[in-house]
Every structure is written in structure tokens, then in C-alpha cells.
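What follows draws every value from the coordinates through simple rules; no lab data is involved. Note that the structure is predicted; figures quoted are calculated from it, not measured. Virtual Cβ from ideal backbone geometry, glycine too; neighbours counted across all protein chains shown.
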Amino acid sequence: MAYVIGDSCVSCGTCEGECPVGAISQGDGKYEIDASACVDCGTCAGACPTGAISQ
């Protein structure tokens, strides 16, 4: 199951730079994770300063 970014995202971009497969990009109002590219490593969740990313 891919990770998802919740509404507490502040669009800081930290997660995008941490994703080893480039599955994260700026969306409409917050960052989004491409579920088909996500490899469930959890690196983005660990890097998120607001805890907006969960599985």
C-alpha cells in the first residue's frame, strides 16, 4: 500500500527531495504521492516535519 500525504501538509517540499524513486510531486495545494511509483520505503514519512505522511 502506497504512502499518502494528508491535509496537514504545508507544501515545504522536504518529502519530494527524499523520495528515492521520484514518486512525490507538487499537487494542487499540497504534495502528492504517485501510488504506482511508491515503493513503500517510508523515507518520506520520516522526513516530513508535520507528520502529514502515513501509510
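Some observations on this one:
- Note on the chain: GNM, Cα springs under 10 Å; of 37, 45, 23, the largest mean-square fluctuation is that of 37.
- Additional length obtainable on full extension of the chain from residue 41 to residue 8, 0.36 nm per residue less Cα span: 9.8 nm
- Within-13-Å neighbourhood charge of residue 53 [Cβ basis; K, R +1; D, E -1]: -4
- Pairwise inverse Cα distances across the chain, averaged and inverted, put the Kirkwood hydrodynamic radius at 10.7 Å.
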